[in-house]
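This report concerns only the one structure given below.
The values are calculated or read from the model by the stated rules, or taken from the named source; none is laboratory data. Source: prediction; values computed, not measured. FYI the Cβ positions are ideal-geometry reconstructions off the backbone, even for glycines, and counts take in every protein chain you see. When the accessible area is computed, the model is the full protein with side chains, heavy atoms only, and any ligands, DNA or RNA have been set aside. Shrake-Rupley method; radii C 1.70, N 1.55, O 1.52, S 1.80 Å.
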Amino acid sequence: MQPLKYAFKTSQTLRQSPLFSVIWQILRTYRRTSHLNAKVYPELEKQQDDGVQRDFSSRLAAGPTFQHFLRNASTPQEKSDSSAAVEDPPPYLTTEALVGRGRKVYLETYGCQMNVNDTEIAWSILQKNGYLRTNSLHEADVILLVTCSVREKAEQAIWNRLKRLKSVKARRLKSQVPLRIGILGCMAERLKEEILQREKLVDIIAGPDAYRDLPRLLTLADSGQRSANVLLSLEETYADIMPVQTSSNATSAFVSIMRGCDNMCSYCIVPFTRGRERSRPIASILEEVKKLSEQGLKEVTLLGQNVNSYRDNSEIQFNSATPTNLSRGFSANYKTKKGGLRFADLLDQVSRVDPEMRIRFTSPHPKDFPDEVLQLIQERNNICKQIHLPAQSGSSRVLEIMRRGYTREAYLDLIHHIRESIPGVSLSSDFIAGFCGEMEEDHLQTLSLLQEVRYNVGFLFAYSMRQKTRAYHRLQDDVPEEVKQRRLAELIIAFREGAAEANMAVVGHTQLVLVEGPSKRSTTELCGRNDGNIKVIFPDTEMEDGTNPGGLIRAQPGDYVLVKITSSNSQSLKGVALCRTSLQEHSACC
């Protein structure tokens, strides 16, 4: 027994060493890749051209050895250098092989604002590697779909889109460069093997942390292979990549400040598709916001799955033992975190970059609204007085099953505290109808919450069970679909009644509106958004120029216009333009 006991202790010591962690990760990756290759795409060995196959095989023969991985792997304690703008290609692929050679990329984005930002990140990487962008599907040499997995409906939209893309690929002329199709984002992470098995036309799959690998994946696809990278990272934030703005006349932009989520709400797939929480250094965020300001943009939205739990631990001097302050009556599902620069620190510094630039943020968790965040929102004129507070349910019993970390009473106390701290604040929320075990009484409590709070904006959905989540493993999706839809319809009616009442309160008052462009319904009207993120529509006529007294102008995208509200509904406001002004001038006089 003594030798066995000694061997056990030795293995424990080895497991705790950094080298063991590196080797273990490499072996896991190798095993996973080998299994995936054998199981999912047995045709990997079949090449479209014998010459290409021989050339690629010769390069693989001179590829990396096990020692190469050991030399280049970092231990878990080390931080990878994400500041390098250009990474060395793998030894078995030359730099020339990774170049796009002017091939045209068509990008389609589905889902949340994070996917919009991911699209810009992916395009930035491909642009630097010699690819061109096209807005025409039929001109494209590469079609990439940036996907969402939050609900079944979002995934079904991708399956339907892939069926339509089959005909596009089938019509491709043999004289043209072969068309490559890729699935990016959360659906790629969740359904990697199923996508490759069901849709043979998909050439590449890249998860949310694998966009840097797109040039390599596309190069492998050129050699006839179907390739995938869906490894999640504990460090990747794309901090060194400046997203490319896709619209030349845009007035606003999304800035990703963190990725992943640690909350593990029982219904949510995000921790499994986007990984653990990690934040960008403040310095890199400020640099991006400054560049956007220099480009003339007037609004940025700070993005994250749990944006207000932001924590920058990149600088040692700020890693004190100060514990995290949560909203009163709220708790977290994970161990209390300490140290680092918090969301209030970030908001403070971002709001100082440009006093004429509005700052928004989404999506937060209600637990992460300590008083210092609320006070900062109230004090800074360019931080919008608009807060998204996802409730999900109005029933304390259902909230506990959802693992949200608060009760109905604590949520309402926070609502009242916010409205006292930030007069005139605009509130929005998320709600799920028909979650596991939801009874009619629970539904009625959610209805009453909507009626009591009167949100300005709402996002309401019927529950959709997602694999991998806690609900999938431990709960029953026991609310019939017709009951879900009936409850959802009732929630929507209650929301619209509350929103209509909330919006009616500003009729007769003036609102500062950031002009976005022409209204979609009329070329004679302009559309913009007020501080509360409510759509405001007004006639496109000449008005006084408050920034140049005595002059008359027509408003342009990016202008701040003072609008007197004349009517409203649950979705928008209508009014007449009084004058063009600036954010600082309006703040000084109002």
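The table below lists the values:
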quantity	calculated
Selection status of Lys163, assigned to a helix (DSSP H, G or I) and either touching a helix residue (DSSP H, G or I) at 6+ places or on another chain (Cβ under 7 Å) or modelled with pLDDT under 90 (or both)	no
Members of the range 131-149 that are surrounded by fewer than 14 Cβ atoms within 10 Å (Cβ to Cβ) and among the hydrophobic types (A, V, I, L, M, F, W, C)	Leu137
Tally, over the range 450-469, of residues that are outside any strand (DSSP E or B) and among the small types (Gly, Ala, Ser)	1
Test: Phe343 is touching a helix residue (DSSP H, G or I) at 6+ places or on another chain (Cβ under 8 Å), farther than 29 Å from Gln476 by Cβ and touching a residue at least 12 places away in the same chain (Cβ under 8 Å)	yes
Enumeration of residues in the range 450-496 that are under 26 Å from Asn263 (Cα atoms), open to solvent by less than 20 Å² (accessible area, probe 1.4 Å) and charged (D, E, K, R)	Arg466, Lys484
Ile181 vs. criteria modelled with pLDDT of 90 or more and in contact with a Leu (Cβ under 6 Å, 6 or more places away or on another chain)	yes
Matching residues, the range 190-212, being touching a strand residue (DSSP E or B) at 6+ places or on another chain (Cβ under 7 Å) and open to solvent by 30 Å² or more (accessible area, probe 1.4 Å)	Lys192
Matching residues, the range 160-188, being open to solvent by less than 10 Å² (accessible area, probe 1.4 Å) and in contact (Cβ under 8 Å) with a residue 40 or more places away in the chain	Leu162, Gly182, Leu184, Gly185, Met187, Ala188
Residue match in the range 218-236 (condition: within 30 Å of Glu287 (Cα to Cα), open to solvent by less than 30 Å² (accessible area, probe 1.4 Å) and not charged (D, E, K, R))	yes
Residues satisfying the stated conditions in the range 208-254, i.e. touching a residue at least 40 places away in the same chain (Cβ under 8 Å), of a type in the set (Gly, Ala, Ser) and in a loop (DSSP other than H, G, I, E, B)	Ser223, Gly224, Ser233, Ala239, Ala250
Gly498 vs. criteria part of a helix (DSSP H, G or I), under 30 Å from Glu372 (Cβ atoms) and touching a residue at least 24 places away in the same chain (Cβ under 8 Å)	yes
Of all residues making up the range 524-565, the number that are open to solvent by less than 80 Å² (accessible area, probe 1.4 Å) and outside any loop (DSSP other than H, G, I, E, B)	18
Single residue of Val150, Val146 found to be of a type in the set (Val, Ile, Thr), in contact with a Gly (Cβ under 8 Å, 6 or more places away or on another chain) and modelled with pLDDT under 90	Val150
Within the range 425-437, considering residues that are open to solvent by 10 Å² or more (accessible area, probe 1.4 Å) and part of a loop (DSSP other than H, G, I, E, B), the one nearest to Gly329 (Cα to Cα)	Val425
Sole exception among (1) part of a helix (DSSP H, G or I); (2) open to solvent by less than 60 Å² (accessible area, probe 1.4 Å) for Gly508, by number	(1)
Verdict on Val576 being over 21 Å from Cys384 (Cα atoms), open to solvent by less than 80 Å² (accessible area, probe 1.4 Å), in contact (Cβ under 8 Å) with a residue 12 or more places away in the chain and β-branched (Val, Ile, Thr)	yes
Test set (1) of a type in the set (D, E, K, R); (2) more than 30 Å from Pro557 (Cβ to Cβ); (3) in contact with a strand residue (DSSP E or B) (Cβ under 8 Å, 6 or more places away or on another chain) - Glu288 fails condition number	(2)
Pairs, first among the hydrophobic types (A, V, I, L, M, F, W, C) in the range 401-427, second surrounded by fewer than 16 Cβ atoms within 10 Å (Cβ to Cβ) and at pLDDT below 95, C-beta under 8 Å, six or more apart	Ala410/Arg328; Leu414/Arg328
Any hit, the range 315-337, residues being of a type in the set (Asp, Glu) and more than 22 Å from the chain's Cα centre (by Cα)	yes
Helices (runs of 4 or more DSSP H) enclosed by the range 330-424 - at least 3 residues per element that are farther than 21 Å from Ser587 by Cβ and open to solvent by 10 Å² or more (accessible area, probe 1.4 Å)	396-402, 408-421
Per-region count, the range 284-329, residues surrounded by 15 or more Cβ atoms within 10 Å (Cβ to Cβ) and not in a helix (DSSP H, G or I)	20
Conditions (1) farther than 20 Å from Arg358 by Cβ; (2) over 32 Å from the mean Cα position of the chain (by Cα); number of the one not met by Ala499	(2)
The range 179-238 - residue that is among the acidic types (Asp, Glu) and farther than 17 Å from Arg278 by Cβ and, of those, nearest to the chain's Cα centre (by Cα)	Asp213
Test: Ile143 is over 15 Å from Ile183 (Cβ atoms), in contact with a strand residue (DSSP E or B) (Cβ under 9 Å, 6 or more places away or on another chain) and in the same structural domain as Met187 (by the TED database)	no
Residue check, Glu152 open to solvent by less than 30 Å² (accessible area, probe 1.4 Å) and acidic (Asp, Glu)	no
Qualifying residue in the range 411-419 (condition: of a type in the set (Phe, Trp, Tyr) and out of contact with any Gly (no Cβ under 7 Å at 6 or more places or on another chain))	yes
Members of the range 155-213 found to be more than 30 Å from Met258 (Cβ to Cβ) and of a type in the set (Lys, Arg), listed by number	Lys163, Arg164, Lys166, Lys169, Arg171, Arg172, Lys174, Arg180, Arg198, Lys200
